[in-house]
Amino acid sequence: MNMNTADVLSLESLLVQREGNIASDMDGEKVMLNVKNGKYYNLGEVGGEIWTALASPVTAGRVVEIIRETFEVPEETARQDVFAFLQSLLDEDLVSVVSQP
């Protein structure tokens, strides 16, 4: 198993949620419990959308598009936000990289 999260994410990186996380909506924000480590995460509104997009394998580029369309933000803003959030999900081992370009 590749534990190297230093892999640089690109728009073509294919990611998916790891098993064992329970997410639910609270007042429009998504909160999640990681069953493995017992930690709660408040994903917020944007993070919740990103998390939902990761329910099945999806490219980082597609997630950027979804955020750009949903929140009507410039692509650069969407990309920065999405990549920062994806990196934190990877760091916490909440998502896995299915394939790299």
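For the reader, a short list of remarks on this structure follows.
- Subset of the stretch 45-85 [closer than 19 Å to Asp27 by Cα, charged (D, E, K, R) and surrounded by fewer than 18 Cβ atoms within 10 Å (Cβ to Cβ)]: Glu45
- Going through (1) outside any helix (DSSP H, G or I); (2) touching a helix residue (DSSP H, G or I) at 6+ places or on another chain (Cβ under 8 Å); (3) free of Cβ contacts under 8 Å to residues at least 24 places away in the same chain one by one, Glu12 falls short only on (3).
- Tally, over the stretch 86-101, of residues that are exposed (fewer than 14 other Cβ atoms within 10 Å of the Cβ) and in contact with a strand residue (DSSP E or B) (Cβ under 7 Å, 6 or more places away or on another chain): 2
- Strands (runs of 3 or more DSSP E) within the stretch 22-101 that include 3 or more residues at pLDDT 90 or above and farther than 16 Å from Leu11 by Cβ: 29-34, 40-43
The values are calculated or read from the model by the stated rules, or taken from the named source; none is laboratory data. From a predicted model like this one, the values you see are computed outputs, not experimental measurements. Glycine gets a Cβ as well: all are built from the backbone with ideal geometry, and neighbour counts include every protein chain shown.
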